[in-house]
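Written below as structure tokens is the structure these notes are about.
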């Protein structure tokens, strides 16, 4: 009898990859070309679960997409073509094949502007994922090829978010996303599908949306993710993550939206950037109050003296933050009938605790990364 109980405990423990997953972030073709090396780095920290984020780009007018493109090696945003899509699919296939059988593959997508300083934030961009813009739809450009890149013979648990932190498109075209979700759930019945939003600006600023249609979309999901960058009280680290969830559900309720109990919640992006309210990409926070007041602010290019984690107080504060996160994810605490069991690290610049993204190695905490990877 004891042996049976022990086996059941093990089955529960390894039946799904709860906890913290490192992220392989790909914003350009050169990132995609380096995907295999970054995947191997991520797997050093967690062999049970990994998160891939692939970013496409858009050209827009008045916050509405006119066409899609992809940042290629020649430093151009190359228009989408069958050839480009095939290249992305083949490279992602090589990447996915490095992930061990039985491990969980999490996938999400971003769309970013091509205009640099004049760019539109992806959360505010409006497009119908089923509509063709200059010959290709968002579904054809990103969703379909990534699913085809997965090897059906591999025993991966796959979770795919149709987008990440792009609320305006969700609130503008919920029925298009609902149509995609239903098709995918029928075609890939063993995969999980969801969407992800910003932690506070859920609708991306759009107005006049149909709340009933958005609720229908939420009801159809396997999971709903949100970025966990809400400012917090540094003296209440143990309660930070439950408050993230409470605040998110409260914001949804204010819009007359509810999340059914069958829909899993997860932190689709999480991290501490070590910056402060200035949020200029180069100014570090000087104390834990500044850093916790702007988790979304970080350092993009490290100089001689602006690595926030060289500050011993901030270094150990970050370590405590992630260890409390791990404890929270494993705690089975229910918040309004919801458990949050998964979190995806933003592995770039000063948020990169694992040092996966090139140039972020000096920001990593190798000991912390190993501790987070263990169950």
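The values are calculated or read from the model by the stated rules, or taken from the named source; none is laboratory data. The model shown is predicted, which means the values in this text are computed figures rather than measured ones. Here the Cβ positions follow ideal geometry from the backbone for every residue, glycine too, while neighbour counts run over all protein chains shown.
Taking the condition of being buried (at least 16 other Cβ atoms within 10 Å of the Cβ) and either at pLDDT below 95 or within 16 Å of residue 81 (Cα to Cα) (or both), how many residues in the range 146-155 meet it?
Adding up the residues that qualify gives 1.
When the range 116-139 is examined, which residues are found to be surrounded by fewer than 17 Cβ atoms within 10 Å (Cβ to Cβ), under 13 Å from residue 67 (Cβ atoms) and either at pLDDT below 95 or in contact with a strand residue (DSSP E or B) (Cβ under 7 Å, 6 or more places away or on another chain) (or both)?
134
If I ask for residues that are within 13 Å of residue 351 (Cβ to Cβ) and either assigned to a loop (DSSP other than H, G, I, E, B) or out of contact with any strand residue (DSSP E or B) (no Cβ under 7 Å at 6 or more places or on another chain) (or both), which ones from the range 303-321 would you list?
Residues satisfying the conditions are 307, 318, 321.
Mind checking which residues of the range 254-290 are under 23 Å from the mean Cα position of the chain (by Cα), within 28 Å of residue 206 (Cα to Cα) and outside any loop (DSSP other than H, G, I, E, B)?
264, 265, 266, 267, 268, 269, 270
State whether one or more residues within the range 242-252 are loosely packed, with under 14 Cβ neighbours inside 10 Å, modelled with pLDDT of 95 or more and assigned to a loop (DSSP other than H, G, I, E, B).
no
Condition first: touching a helix residue (DSSP H, G or I) at 6+ places or on another chain (Cβ under 8 Å) and on the phi > 0 side of the Ramachandran plot. Now tell me which residues in the range 319-341 satisfy that.
336
I'd like the residue in the range 331-347 that is assigned to a loop (DSSP other than H, G, I, E, B) and modelled with pLDDT under 95 and, out of all such residues, is farthest from residue 264 (Cα to Cα).
Out of the qualifying residues, it is 331.
How many residues are surrounded by 19 or more Cβ atoms within 10 Å (Cβ to Cβ) and either under 23 Å from residue 193 (Cβ atoms) or without any contact (Cβ under 8 Å) to a residue 40 or more places away in the chain (or both) if we restrict to the range 253-283?
The number of residues fulfilling the criteria is 9.
Just to be sure, is residue 143 buried (at least 19 other Cβ atoms within 10 Å of the Cβ), touching a residue at least 24 places away in the same chain (Cβ under 8 Å) and closer than 14 Å to residue 252 by Cβ?
So residue 143 fails the test.
Checking residue 63 against (1) at negative phi; (2) touching a strand residue (DSSP E or B) at 6+ places or on another chain (Cβ under 8 Å); (3) surrounded by fewer than 21 Cβ atoms within 10 Å (Cβ to Cβ), which single condition isn't satisfied?
(1)
Please go through (1) crowded, with 18+ Cβ neighbours inside 10 Å; (2) in contact with a helix residue (DSSP H, G or I) (Cβ under 6 Å, 6 or more places away or on another chain); (3) not in a loop (DSSP other than H, G, I, E, B) for residue 184 and return the number of the only condition it doesn't satisfy.
If we test residue 184 against (1) crowded, with 18+ Cβ neighbours inside 10 Å; (2) in contact with a helix residue (DSSP H, G or I) (Cβ under 6 Å, 6 or more places away or on another chain); (3) not in a loop (DSSP other than H, G, I, E, B), just (2) comes out false.
Could you tell me whether any residue of the range 295-312 is under 20 Å from residue 367 (Cβ atoms), under 22 Å from the mean Cα position of the chain (by Cα) and crowded, with 19+ Cβ neighbours inside 10 Å?
No, there is no match, as no residue in the range 295-312 is under 20 Å from residue 367 (Cβ atoms), under 22 Å from the mean Cα position of the chain (by Cα) and crowded, with 19+ Cβ neighbours inside 10 Å.
What tally of residues in the range 353-372 results from selecting those that are crowded, with 20+ Cβ neighbours inside 10 Å, part of a loop (DSSP other than H, G, I, E, B) and in contact (Cβ under 8 Å) with a residue 40 or more places away in the chain?
Matching residues across the range 353-372 total 4.
For residue 142, work out the one condition from (1) over 22 Å from residue 53 (Cα atoms); (2) modelled with pLDDT of 95 or more it doesn't fulfil.
All conditions pass for residue 142, except number (1).
Would you call residue 205 outside any helix (DSSP H, G or I), out of contact with any helix residue (DSSP H, G or I) (no Cβ under 9 Å at 6 or more places or on another chain) and closer than 22 Å to residue 297 by Cβ?
Here the answer is no, as residue 205 does not meet what is asked.
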